[in-house]
Each structure stands twice: as structure tokens, then as C-alpha cells.
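A quick write-up on the structure given underneath.
The values are calculated or read from the model by the stated rules, or taken from the named source; none is laboratory data. None of these values were measured; they are calculated from a predicted model. Cβ: placed from backbone, ideal geometry, glycine included. Neighbour counts: every protein chain shown. SASA here: full protein model, heavy atoms, side chains in, ligands and nucleic acids out. Shrake-Rupley method; radii C 1.70, N 1.55, O 1.52, S 1.80 Å.
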Amino acid sequence: MRSRRMLAPLLLVGAAAALLSPAPAVADTATACGTALSPNEIREITDLSDTSTLPGPGLHRLETAVDRHRRITEILVAHRDWRGVFSVGLDAVEHEAVLPLQRDPAALPDRVWSPAISSDLLARYLRNLHAEFTGTPVDPAWANYFALARDCAQSPARVAMAGYNAHLTVDLAHAVDTSGTRPDNVADFYRIVDSIALRGDSIIGLTKDVYGGDLRPLWRFYFVGEGLDPLAGNDQPSQTLLRAADSGYNTVTLANGFALQNPGIRTPAEQEIDGLWRVTDSALQTLSDLGGL
């Protein structure tokens, strides 16, 4: 099934309270398993991740956000800061897949909705980066990612997958909501996530080359619903995660985004999204413990 090999099929929750703690104070933001960032670099990341200074809606807003994120990625990668292990893959697909598609009116004819969903998705990550570097509260899934990025006993691949989980289990569902996605946008939604899936090798290659993290063993799970064999005989993943894999992770995310648009079921939808990223992250931790990440 085409949708089951999408990249949106992605990702991811440790139950430990330490992983869910608020972002650290500003004094602790200089390093995460790499060399220390300078005060000027921290200030630059803080400024670049401030979404309140992005231009108005449309393609220009998306292009500006992508350019800002590229500079943030360059800073983090220069220091091999593990907070960049997700950014390095995201930056690649934004330039190789998302922007070329968004710039093609023939591919995405809705010139209001199409750039909106991509910019809303990226903006949620930028806002959490901004919170991380200013010591303000971070969303739980991203707090988990940043906490893992400081745990140098983890594998870089484990950290990266926590980021993809937060981005595409939580943030994509909310972007479906905030961008005003309608049923007639569904085909274009799949077109966008499929364009990302086709650039999966860039994510795998850059994560390996820059951070030494090998995502390839797990990647087929996110593309075709496979890759959970190492968990056989374990309590995880739960049936919730197995159902998500069976139907296509991106399809579950889309359905959750539509549910957020309905005031009558918004709260249960938020609970579903929260539970899904947590159970996925828990399964990822088990995979990591078994040597699969």
C-alpha cells in the first residue's frame, strides 16, 4: 500500500519522569554530547528559531523558516551537538523534497493550504527549539528528545528517532489541524509525505555520516510497516503501535489531525496522539536496548 511507505509514517516515549521534565535552564544549553556552543551561537539559534519574526503566510514564510533552520543545523552540526541529529535529516528533506514540491503549482495547486501545512509543521519544531534555548517549557515529546540528546549513553540513532516521532506523530497531526486541512487536500497530503519518503536515503546517509547513527535497520517499519521483529516476545510494542504500523503511520497521523478539528472529540484526539508518541518511543527504547538502534 502506497501510504505505508511514507516518511510521515514516522515515529515515537519513555515513561521515565526524567525524560518528561521541562527544558533545562539557559545556563545548561551550551552543549549536548558535543562541543560547547558559544554565547553568540546560542543567541543566534534563539533569534533564528523565534517564529514570531517569520513573515506572513504563504511560500515565502516556509522558505524563510527553512533557511533559518538550515543555519541552526549548521551550528549544531559544527559542534556535533546531538540536538542536531534530527535537524540534519529534516534540513535535507526540506531542501530536496518539500521546497521543490511546494514551488511547483502544478504539483500542489492549493497555494494557500499547501505551504501552510509545511510551514506549520516546521514552525512547531522551531518553537520547541526556541524554548529549549531560552529555558521555557518544551512540549513533552520534544522534552523527551532534548533529554535523550543529553544522554551520551544513548545511540545517536535512538535520539534521532525520538525527534522524528515528535515531529510526525505529534506535530504533523497538529499541522493538519492548524493548516485547515480538508478532505479534498488528502491526495496532496500524501503527495507531500511521499516526496519525503523518496528522500529517505538522505536522512539515513547524513545521520550516519555526521553523527554515526544507523537508522537503516528500523527504516522499513516506517515505510512499509515492518521492522518490529526484534520486539517479538516483549511487552512492547502495544497493539496500538501494531495497528498504526498496519494501517500506515501517516494515515493514523492524518486521522488524528482531522479529529483535532472537531471540538467534540478534540480532547480524546489529543490523548490519542500523546499515547501514540509515548508507546512508540517506549518501543524504540526497547529496540535500542536490543541493539536494533
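From (1) modelled with pLDDT of 90 or more; (2) over 13 Å from D171 (Cα atoms); (3) surrounded by 22 or more Cβ atoms within 10 Å (Cβ to Cβ), pick out the condition that doesn't hold for G264.
(3)
Give me a count of the residues in region 267-293 that are within 15 Å of T169 (Cβ to Cβ) and either open to solvent by 70 Å² or more (accessible area, probe 1.4 Å) or over 18 Å from the mean Cα position of the chain (by Cα) (or both).
Of the residues in that region, 4 qualify.
Kindly indicate the residue of region 145-166 that is part of a helix (DSSP H, G or I) and open to solvent by 10 Å² or more (accessible area, probe 1.4 Å) and also farthest from G212 (Cα to Cα) among those meeting that condition.
Here the residue is A147.
Select from region 124-144 the residues that are touching a Leu at 6+ places or on another chain (Cβ under 7 Å) and surrounded by 20 or more Cβ atoms within 10 Å (Cβ to Cβ) and list them in ascending order.
A143, N144
Scan region 268-293 and report the pairs whose first residue is under 19 Å from A157 (Cβ atoms) and whose second residue is part of a helix (DSSP H, G or I) and open to solvent by 60 Å² or more (accessible area, probe 1.4 Å), with Cβ atoms within less than 7 Å and a gap of 6+ or a chain change.
L287/P230; L290/P230; G292/P217; G292/P230
The conditions are (1) modelled with pLDDT under 90; (2) over 23 Å from Q285 (Cα atoms); (3) open to solvent by 10 Å² or more (accessible area, probe 1.4 Å), and G180 fails exactly one of them. Which is it?
(1)
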